[in-house]
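Before any comments, here is the structure.
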Amino acid sequence: TSGGGVNLNSAAAEDRVRIPGIGPAKASAIVAYREANGPFSRMADVDKVPGIGPATLKNIEAHATIVAPSP
């Protein structure tokens, strides 16, 4: 886990846009990446999402979290 706030593994795109630096396009990209590749295991994995680079990742870390789904 990391940060706090919106869980990037379960939040809907409309919840993600409340994160500073995440607009509708990036929120949709996070959802699409997660659906194609499975849940994020750590915050650093979010950097693999198209449109999310190191600067954006650093900005959202305080507002987002990664909670792995229960098996």
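The values are calculated or read from the model by the stated rules, or taken from the named source; none is laboratory data. The structure displayed is predicted, hence computed values, not measured ones. Ideal geometry is used to build each Cβ from the backbone, glycine not excepted, and the neighbour counts take in all protein chains shown. We work out accessible area using only protein heavy atoms, side chains counted, and drop any ligands, DNA or RNA first. Shrake-Rupley method; radii C 1.70, N 1.55, O 1.52, S 1.80 Å.
All conditions in (1) open to solvent by less than 50 Å² (accessible area, probe 1.4 Å); (2) outside any helix (DSSP H, G or I); (3) touching a Gly at 6+ places or on another chain (Cβ under 7 Å) hold for Ala11, with the sole exception of (3).
Take the stretch 14-54 and flag every residue that is open to solvent by 70 Å² or more (accessible area, probe 1.4 Å) and among the small types (Gly, Ala, Ser). Quick ask: steps written out before the conclusion?
Let us first name the residues in the stretch 14-54 that are open to solvent by 70 Å² or more (accessible area, probe 1.4 Å), namely 14, 18, 24-25, 35-37, 39, 41-42, 48, 50, 54.
Passing the criteria: Ala25, Ala36, Ser41.
Please count how many residues of the stretch 55-64 are surrounded by fewer than 17 Cβ atoms within 10 Å (Cβ to Cβ) and closer than 14 Å to Asn9 by Cα. The qualifying residues number 1.
Do you know which residues across the stretch 54-67 are touching a residue at least 60 places away in the same chain (Cβ under 8 Å) and either of a type outside the set (Gly, Ala, Ser) or in a loop (DSSP other than H, G, I, E, B) (or both)? It would help to see each step written out before you state the result.
First pass over the stretch 54-67, keeping only residues touching a residue at least 60 places away in the same chain (Cβ under 8 Å): 63-67.
If the condition is that a residue be touching a residue at least 60 places away in the same chain (Cβ under 8 Å) and either of a type outside the set (Gly, Ala, Ser) or in a loop (DSSP other than H, G, I, E, B) (or both), then His63, Thr65, Ile66, Val67 are the ones that fit.
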